[in-house]
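Written out below as structure tokens is the structure these notes cover.
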Amino acid sequence: MRGKGAKPLGRRRKQGAEDLESRLDALREPYADGPSRRVRRKRSGLVPTLVGLLLLAAVLGAVYLIYATATRGEEAGEPVRVTVVEGETLSDVADKLREAGAIQSATGFRLQARFEGAGTEIKAGEYTFQPDASNGEILRKLTSGEPVPTFTVTIPEGFTLQQTAQRVASRSDIPAGEIAAAARETDYGYAFLEDPEIRTTEGFLFPKKYEFEEGVEASQVVSRMLEQYFIETQSLDYAEARRELGLSEYELVTVASLIEWEASAVEERPKVASVIYNRLAEGMPLQIDATVQYARGEPKERLSLQDLEVDSPYNTYKHPGLPPGPICSPSLESLRAALQPAETEYLYYVLKRDGEKHYFTDDYDEFLAAKEEAGH
């Protein structure tokens, strides 16, 4: 809040710069008359010269403090990354730092850099700065060319929330429990998580190779994966799919997660999607083994009849309709298949003996025959 007569911040900055220039001009004036004036100064001794230098330092320090104080008060945010390109000037770098929020004043930063003789020693590279880092700390990092320590992690298609947490933990210092806990929160500001049915981010931790800075927090890792889901799905027409299929985005992601685990080849995914929708339309239980695997919480090569009795809303042998939510993070191909299923009358599929493709049919007897032939 400003009082009456207070000058705007931009005007105060300009005034400070003009004051600095006038004071520097005053300090330079005794040396402005050429050699003869310098000779006279030399005869008068070193004391005035030292006094002048000390006064210059005091002026620089005072102006810097004025700028720092005038622009202080912004709340600290997340760490910021700044890229310094070869050939950029001190002014270029200072402006970048100010725009990124790493420093409070580009002018104050330039003054300090020149006073410390660091203006020409800034090295190109990528840098990360904490929001509370001082100008001195930033300068030391820029002049030392200190690299940004990072780690990479690849989240495969079809990974569950828990598997994702364990994979990130194996590549970083973040405990799997912290990642899992952050992934069970939904208040990340994305509209696709506002569905009241959503309880966790399962299904939205987009599978991809990621690079994170060391020291990143669990919530930032989860937020980055959610951001990637948002980016990757911009080309998908969820509104049209809702009209055609009568399902919400969350339900469509759930279908895509089933497709991800069930389909053996990319070209099969629209067919698997058609089986799911055809069975839902007929009021048939989906009877998808992948949902039972998810309910059990651990993989098993072949499910037993006892496994099919597991008491869980994810058991699609016992509960009709879709499971309560996604069972993994689907790929973009599975999401497309969920939104654009093939037009078929198929109600059954069974994995062939080669394990590479499925046999699709709308006849139960054919399904049983194919199942026996495949050795299931």
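The values are calculated or read from the model by the stated rules, or taken from the named source; none is laboratory data. In this text, all values refer to a predicted model and were calculated from it rather than measured experimentally. We place every Cβ from the backbone using ideal geometry, glycine too, and count neighbours over all the protein chains shown.
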When (1) in the same structural domain as residue 339 (by TED's automatic domain parsing); (2) buried (at least 20 other Cβ atoms within 10 Å of the Cβ); (3) touching a Ser or Thr at 6+ places or on another chain (Cβ under 8 Å) are applied to residue 183, the one that fails is (1)
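Keeping to the range 132-147, report how many residues are of a type outside the set (A, V, I, L, M) and touching an Asp or Glu at 6+ places or on another chain (Cβ under 7 Å).
The initial filter retains those residues of the range 132-147 that are of a type outside the set (A, V, I, L, M), namely 132, 134-137, 140-141, 143-147.
The next check asks that each one be touching an Asp or Glu at 6+ places or on another chain (Cβ under 7 Å); those that pass are 143.
Residues that pass the stated criteria total 1.
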Out of all the residues in the range 241-260, is one or more of a type in the set (A, V, I, L, M), modelled with pLDDT under 95 and not assigned by TED's automatic domain parsing to the domain that holds residue 204? no
Is there a residue being in a helix (DSSP H, G or I) and farther than 30 Å from residue 225 by Cα anywhere in the range 334-342? no
Part of a loop (DSSP other than H, G, I, E, B) and not acidic (Asp, Glu): does that describe residue 228? no
Only listed residue being surrounded by 15 or more Cβ atoms within 10 Å (Cβ to Cβ) and within 26 Å of residue 229 (Cβ to Cβ), chosen from 107, 160, 152: 160
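Residue check: is residue 345 more than 21 Å from residue 260 (Cβ to Cβ) and either of a type in the set (Ser, Thr, Tyr) or free of Cβ contacts under 8 Å to residues at least 60 places away in the same chain (or both)? Explain how you work it out, then say what you get.
Numbers: more than 21 Å from residue 260 (Cβ to Cβ): yes; either of a type in the set (Ser, Thr, Tyr) or free of Cβ contacts under 8 Å to residues at least 60 places away in the same chain (or both): no.
When the stated conditions are applied, residue 345 does not pass them.
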